[in-house]
Amino acid sequence: MSILRLSGNQPANRFYRGGAKIRAFRAGKGAAASGSHVPEDWVGSTTTIFGEASLGLSRVAGGKSLRDAVAEDPVHWLGEEHLIAFGADTMVLVKMLDAGQRLPVHLHPTRHFAATHLGRHHGKAEAWLVLEGGIVHLGFRHDVLAYELAEWVRTQDTSAMLDAMHAIEVFPGDSVFVPPGMPHAIGEGVFLVEVQEPEDLSILLEWDGYALDGTSKGHLGLGFRTALSAIDHRGRSEAKIGALITRAGASTLAAGSEVFFRVERLTASGRIELDAGFGVIVVTVGEGSLETADGQRLAVAAGDTLLVPFGAGRVLAGGSMDFIWCRPPMPGPEHSVSSTSGARSRTSL
């Protein structure tokens, strides 16, 4: 099994609106779901929606879940170096996200919190690679006391929450690193590729007006007294929040993101070589091809999502296209992407 072209994997009846931009992006490819509440496409996922047995898992040949396929042949999918460092854990989850309405204010726990209270191996750091821009809300502008936040949540005082947060306009080509514990919300109209630790762990601060019962579903079964202890209450200056944002053309995401995942925005104008390794490719602009050493050649174009196992070896990307290459954190010396012919552009996130 070599590079796989992935079909859509959009859990139905999510609590917020969206899905039209995923359908337009795929342009008839990948079996994008219909409906008004399918705002996420879980790409190359070995992760389930919190509390679900299988919903969220990607499928490979014969309808087998990617999680089962990796368990059966982890060396092929992940490689020995990854297995020594991380075990048979894919270490990364990729989504396409279409905010048909502003997402509620929420946060994700750190690894320590998730291990202590939920018995999970990962928290949920994430990064947003913006395809269509808008407003996002990120972090507090001033310190927020625990009792103050608890009262906002109890009374669903959304105005107070948003007033206390930084509102930032993002544009196509921008990227945002969201550390675990930081409150955030993606604004209506934003369309992005989201890369994150492979867990579905969200603590809701807001749910009024959304299609869910936050009082029972918003605290991961821990109760809000415990769940809200996961939040980073600290105020941050505009400069510190700005350091989490990579504007188009800049070279790196905020320091510390490499602990959780690796992402590169790449332009294939000619041919570039991708080192062997498990990962997900999202083609965002243009068209081209992916070739492996064993002779596989796939024609690809904007809207395609592809899963690359370690066993595919080095991959040559050619043509005239932009794509996002998402991978787990590096277990050893950093791999490189080298140009084999023609011009190229490399942005490491």
Using a Gaussian network model of the chain whose springs link C-alpha atoms within less than 10 Å, name the residue from T284, T305, T155 with the highest mean-square fluctuation.
-> T155
Using only Cα atoms, tell me the angle between helix 146-155 and the longest principal axis of the chain; keep it within 0 to 90° and round to the nearest 10.
-> 90 degrees
Under a Cβ-Cβ cut-off of 13 Å, what is the net charge of the residues other than S54 that fall near it, where Lys and Arg count +1 and Asp and Glu count -1?
-> 0
Rounded to a whole number of µm²/s, how large is the Stokes-Einstein D of segment 34-82 at 25 °C and 0.890 mPa s, given Rh as the Kirkwood radius over C-alpha pairs?
-> 201 µm²/s
What's the percent breakdown of Cα-Cα distances in segment 170-214 across 10 Å bins, shortest bin first?
-> 17, 49, 31, 2
Per-residue ellipticity at 222 nm for the chain, helices alone: DSSP H runs ≥ 4 residues times -39500 (n - 2.57), over residue total, nearest 500 deg cm²/dmol?
-> -4000 deg cm²/dmol
About the Cα centre of segment 1-155, what is the dipole size in debye to 20, counting +1 per Lys and Arg Cβ and -1 per Asp and Glu Cβ, all else neutral?
-> 600 debye
Jot down the radius of gyration and Dmax of segment 175-313, Cα atoms only, both in angstrom.
-> 19.3, 56
For segment 1-77, what size does the Cα cloud have along each of its three principal axes, sorted from largest down, in whole Å?
-> 38, 30, 17
Magnitude of the Cβ-charge dipole of the chain, K/R +1 and D/E -1, about the Cα centre, nearest 20 debye?
-> 360 debye
Take the alpha-carbon positions of segment 74-200, form their convex hull, and give its projected area averaged over all directions (one quarter of the hull surface) in nm².
-> 9.4 nm²
For the chain, set up a Gaussian network in which alpha carbons nearer than 10 Å are linked by springs, and say which option among H142, H122, H184 fluctuates the most.
-> H142
How long, wide and thick is segment 182-261, going by the Cα atoms along their three principal axes, in whole angstroms, largest first?
-> 42, 28, 27
Dipole axis of segment 4-246 (+1 Lys, Arg; -1 Asp, Glu on Cβ), positive-most option in A230, G19, T215 = G19
Rounded to the nearest whole number, the Stokes-Einstein translational diffusion coefficient of segment 1-151 at 25 °C and 0.890 mPa s (Kirkwood radius, C-alpha pairs) in µm²/s is 138 µm²/s
Debye log10 I(q)/I(0) for the chain, one point scatterer per Cα, at q = 0.07, 0.08, 0.09 Å⁻¹ = -0.28, -0.36, -0.46
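Read the figures in this text as sums done on the coordinates, not as results from a lab. All figures in this text were calculated on a predicted structure; none of them were measured in a lab. Neighbour counts run over all protein chains shown; Cβ positions are idealised from the backbone, glycine included.
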